[in-house]
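The values are calculated or read from the model by the stated rules, or taken from the named source; none is laboratory data. Everything quoted here is computed from the prediction, not taken from an experiment. Glycine also receives a Cβ, built like all others from the backbone with ideal geometry; neighbour counts cover every protein chain displayed. With ligands, DNA and RNA removed, areas are computed over all heavy atoms of the protein, side chains included. Shrake-Rupley method; radii C 1.70, N 1.55, O 1.52, S 1.80 Å.
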Amino acid sequence: NGRPSMKFRCSSIGKLMTEPRSKSDGPLSVGAKTYIRELAAQEIFGVDFVVSSKAIEKGIECESDSIALLNTVRGLSLEKNTERKSNDFITGECDLFDEQTRRGHDIKTSWSIATFPIVVSDCEDKLYEFQMRGYMALWDADEWEVNYCLVDTPDRLIGFEPMELHFVSNIPEHMRVTTWTVKRDMEKEAAIFEKVKHAREYFKQVIAEFDQTHALAAQLKKAA
């Protein structure tokens, strides 16, 4: 139905924000269009394309361990946020928000020592940057942290990798959190909302094209 009020999740904003290679592509990049067609297919068939992996499973299972680690290292007492916020364009449920400092914290649980970023430049990621920008808009915050946390991996997920990459409790806690801070930028925020408008238009176009193509197929079958 291509509803005009379609809202994009903060975690997906980065997929929309990749720049088109040339003006002939229009306002959306090839990658953004591919992603929007996936959303359209999910809408048409009423299913979610759930991608899973051991790293994603660890992130879900060990989130509370990572939050506890961050709280210990930073002297905080933050609890998991359960509130979803939306504006006219985007929707999101952040990990942690500190009401006192008006500062947000996102938790990224690293798969192993091998994938844990040890310096800030290893953390910087456009997808995550725009996810944080979405949260800043929704929670009206000036800064949002991306906190990479290294905690023990559940035994059943490790498989054939060396155990010493996954059992990390013996490493001092402060060495197991790397933080990257994203500062609010109103111009980039406005660009997100603009991109969402174009994405909605393209989404409607894809749904209409699907309806047209498949109506034609049904007509041809009848005619046969």
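With a point put 7 Å past each Cα toward its Cβ, work out how far Ala215 is from Ser121 in nm, to one decimal. In this crude spin-label approximation the distance works out to 5.6 nm.
Note: relative contact order over the chain, using C-alpha pairs below 8 Å and six or more positions apart, is 26 percent. How many percent of all Cα-Cα pairs in region 11-50 sit more than 17 Å apart? Every Cα pair in region 11-50 considered, those over 17 Å come to 36 percent. The angle between the Cα long axis of helix 126-139 and the longest principal axis of the Cα atoms of the chain comes to about 90 degrees, rounded to the nearest 10. Angle of helix 63-74 to the longest C-alpha principal axis of the chain, folded into 0 to 90 degrees and rounded to 10: 50°.
Chymotrypsin sites (Phe, Trp or Tyr not before Pro) within region 20-54: which are DSSP loop residues with at most 12 other Cβ atoms inside 10 Å? Counting only loop positions with at most 12 other Cβ atoms within 10 Å, the chymotrypsin sites (Phe, Trp or Tyr not before Pro) in region 20-54 are Phe49. For region 1-97, the equivalent ellipsoid derived from the Cα gyration tensor has semi-axes of 32, 16, 16 Å, listed largest first. For Thr213, the solvent-accessible surface computed with a 1.4 Å probe is close to 80 Å², ligands and nucleic acids excluded.
Taking the C-alpha atoms only, the angle from helix 30-45 to the longest principal axis of the chain is near 80 degrees.
Sorting the segments 198-204, 181-187 by their residues' average number of neighbouring beta-carbon atoms within 10 angstrom, most packed first, yields 198-204, 181-187.
Fully extending the segment from Ala68 to Phe45 would add 4.3 nm, taking 0.36 nm per residue of separation and subtracting the current Cα-Cα distance.
Residues Arg84, Arg176, Arg21, ordered by accessible area of protein heavy atoms at a 1.4 angstrom probe radius and largest first, appear as Arg21, Arg84, Arg176. Of the solvent-accessible surface of region 115-169, computed with a 1.4 Å probe over protein heavy atoms with every protein chain present, carbon and sulfur atoms account for 55 percent.
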